[in-house]
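The values are calculated or read from the model by the stated rules, or taken from the named source; none is laboratory data. All values derive from a computational prediction rather than experimental measurement. Every residue, glycine among them, receives a Cβ derived from its backbone with ideal geometry; neighbour counts consider all protein chains shown. All accessible areas refer to the heavy atoms of the entire protein, side chains included, with ligands and DNA or RNA removed. Shrake-Rupley method; radii C 1.70, N 1.55, O 1.52, S 1.80 Å.
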Amino acid sequence: MDTTIGALQPPAAPLPAELRELLGASDADSFERALDALIRRREHALFHALGKLARELHEAVKHLASDVESGGLAAQALPEARRRLGEAMNMSEQAAHASLDVTERLMPEAARLEEAASVLMVRCDGLAGDPLADDAGALARQAAIFADACREGLREMTVAQSWQDLTGQRMQQIAAFMERAEQVLLELVRLAGTLAGTPPAPAVPASGATASTQDQVDRLLAEFGF
Amino acid sequence: MKILVVDDFSTMRRIIKNLLQELGFSNIQEADDGATALPMLKAGGFDFVVTDWNMPGMTGIALLKAIRAEPSLKALPVLMVTAENTREQIIEAAQNGVNGYIVKPFTAVTLKEKLEKIFERLATAS
């Protein structure tokens, strides 16, 4: 059994013809030709990928531009979403204020009840032994406890309304983000329009490449919308 | 004691005002950001400031810095009540001389405790 490392490795892929030619070049001219051929092969793959990317980007921007023109995402949907978010914030603010109206109205009433009950308790204590005064005293004690519990509950209700501040802050952050996204989208569409109105810059420098390579590249790029 | 409550949310101003009233403070005024608060404070008469951090215009931390930089206001006690609770922010507030820091959401008990602590420290210092 062969246990050498070489035996475990997969068989090496054969060298591309251009590389074999390059390595086997016997003089400077044939080396240059082989090198050009190798570079062209690599450039072809690169421009193919670039062309595909450019076409996909072009299509995406075209869709976005048509969406904007037809009053879609950036033109209408995003401002509308922000408007609704603003409405939700206003409604939550009104709801929180409505709850605070109630707590503010009841808080002094609870305080007055507690005070009146305390006064009555003292008076009833002075009439100890009188069955009516005893009953009134017991009722006053219950009322005082109830009023105290009410004040505590109303205080908790008041603090609980801080949800509006916390959720409102998040809504403001989302609205600000949406506004930024809207501006970026519109800028992208504007930029794409500007680019579409100008001839594309040469994809590769004219010098340093053979005419056939440039033509090949131009044809290839034309296929992808350049 | 005259207190200024600074917050861009009217609900939060009202909540803090109600809680302070419950604690026996009745002279309370409101401002919706630091830029509105600062001239009110400079006009004089305030003994205590409760401020939010994140506000449009002038933030709470900018207000705190402005208070500490103003000779007539630099000793004014400032309590921050904010949802901002990163370590860096708390350190920044402390380094700029904040007297207390409450993280939202908070309870009435927390507010009471922090206020008492601030007044205790001020009484010891004076």
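Starting from the Cα coordinates of the stretch A:11-104, work out the convex hull volume and express it per residue in Å³.
Hull volume over Cα atoms, normalised by residue count, gives 214 Å³.
Ignoring any ligand, DNA or RNA, what whole percent of the accessible area of the stretch A:73-193 comes from carbon and sulfur when the probe is 1.4 angstrom?
C and S atoms contribute 63 percent here.
Roughly how much accessible area, to the nearest 100 Å², goes out of reach of solvent when B and A pair up, both sides summed, probe 1.4 Å?
Summed over both sides, the interface buries about 1700 Å².
Run the quick spin-label model on A:Met157 and A:His97: label points 7 Å from Cα toward the beta carbon, then report their separation in nm to one decimal.
1.9
Which of the residues in the stretch B:12-58 show a loss of at least 40 Å² in accessible area from their chain by itself to the complete set of protein chains, at a probe of 1.4 Å?
Output list: B:Arg14, B:Ile15, B:Asn18, B:Glu22.
Given B:Lys17/B:Lys114; B:Lys17/B:Lys74; B:Lys65/B:Lys117, which pairs have Cα atoms separated by over 19 Å?
Correct reply: B:Lys17/B:Lys74; B:Lys65/B:Lys117.
Give the accessible surface of the stretch B:1-69 per residue, rounded to a whole number of Å², with probe radius 1.4 Å and ligands, DNA and RNA excluded.
Solvent-accessible surface per residue comes out at 35 Å².
Normalized C-alpha radius of gyration of the stretch A:77-135, against 2.2 N^0.38 Å?
2.33
How many percent of the accessible area of chain B is carbon or sulfur, using a 1.4 Å probe?
Result for chain B: 52 percent of the exposed heavy-atom area is carbon or sulfur.
Dividing the alpha-carbon radius of gyration of the stretch B:2-125 by 2.2 N^0.38 Å (N being the number of residues), what value is obtained?
Normalised Rg, Cα atoms only: 0.95.
Distances over 20 Å make up what percent of all Cα-Cα pairs in the stretch A:73-193?
Counting pairs separated by more than 20 Å, the tail of P(r) holds 64 percent.
On average, how many beta carbons from a partner chain sit within 10 Å of the beta carbon of a residue in A:152-158?
Across A:152-158, the average partner-chain Cβ count within 10 Å equals 3.
Could you tell me the largest-minus-smallest coordinate of the C-alpha atoms of the stretch A:122-184 on each of the three principal axes, in descending order and whole angstroms?
Taking the Cα atoms of the stretch A:122-184, the three principal extents are 83, 13, 8 Å.
Going by Cα centres, the stretch A:85-113 and the stretch B:69-87 are how many Å apart?
Taking the Cα centre of each part, the stretch A:85-113 and the stretch B:69-87 sit 28 Å apart.
Put simply, what bits of the stretch A:76-120 lose 30 Å² or more of accessible area when the other protein chains are there, versus the chain on its own (1.4 Å probe)?
So the qualifying set is A:His97, A:Leu100, A:Glu104.
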